[in-house]
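Values in this text are rule-based calculations from the coordinates and carry no lab data. Remember, predicted model here, so these are calculated numbers, not experimental data. No Cβ is skipped: glycine too gets one built from the backbone with ideal geometry, and neighbour counts run over all protein chains shown.
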Amino acid sequence: MGGILDTNLLLYAANADAPENAAAVGFLTRAAASTESWYLTEGICYEFLRVSTHPAVFPRPLSAGEALSFLDALLEREFFRLLSVSARHWETLRHLVAELHHPAGNLFFDIRTAALMRERGVRKIYTSDRDFLQFAGVEAIDPLAS
């Protein structure tokens, strides 16, 4: 185990009405209790904040304070870290974009995460987003798949 936790898992865990809620909460609980290294990125945190507080997107939006507290509960754990870009990020991003076939639009949110993973040597991402399957060197694991 261990790796990056993607936005969708956080949103499922924060949304009690989501059919995936129980599985996502269970997975995050196991991750939080483990001694594996777990990561969030700045982009994933901001995306979580954007969606979880948005009344047109989230069924019962969280307040900004509630959303930050949700993230704090993870980041306060001993084996959770927040990944940030380094001086190499732009170069890594250019190489990754060159490997893809005409990337555009919203895929760049995932490209940023994949570039950061490559830059920091993290191979696994736990996500229900199948877009991550197209990135070489990234192992996309759906912990909610039966």
>> If you average the alpha carbon positions of segment 1-62 and of segment 112-143, how far apart do those two centres end up, in angstrom?
In response: 16
> Put +1 on the Cβ of every Lys and Arg and -1 on every Asp and Glu Cβ in segment 3-140; which of Leu9, Phe80, Gly65 then has its Cα farthest towards the positive end of the dipole?
Replying inline: Phe80
>> How high is the relative contact order of the chain? Use alpha-carbon pairs under 8 Å, at least six apart in sequence, and give a whole percent.
In response: 27
> Calculated from the structure, Cα extents along the principal axes in Å equals which of (1) 100, 22, 21; (2) 48, 24, 23; (3) 40, 36, 33?
Replying inline: (3)
> In degrees from 0 to 90, rounded to the nearest 10, what is the angle of the helix 89-99 Cα long axis to the longest principal axis of the chain?
Replying inline: 70
> When Tyr12, Tyr126 are ordered from fewest to most other Cβ atoms inside 10 Å of their Cβ, what list results?
Replying inline: Tyr12, Tyr126
>> As a test of the formula, what do you get for the chain when each DSSP H run with n ≥ 4 contributes -39,500 (n - 2.57) and the sum is divided by the residue count, at 222 nm and rounded to the nearest 500 deg cm²/dmol?
In response: -14500 deg cm²/dmol
>> As I understand it, the dipole of segment 3-140 uses +1 on the Cβ of Lys and Arg and -1 on the Cβ of Asp and Glu, about the Cα centre. Which of Val97, Gly26, Ile111 lies farthest toward its positive end?
In response: Val97
>> Suppose each label sits 7 Å from its Cα in the direction of the beta carbon; what would the Ala32-Tyr46 distance come out to in nanometres?
In response: 2.6
> Magnitude of the Cβ-charge dipole of segment 44-146, K/R +1 and D/E -1, about the Cα centre, nearest 20 debye?
Replying inline: 160
> So, by mean Cβ neighbours within 10 angstrom, what's the order for 99-107, 56-64, 127-135 with the highest one leading?
Replying inline: 127-135, 56-64, 99-107
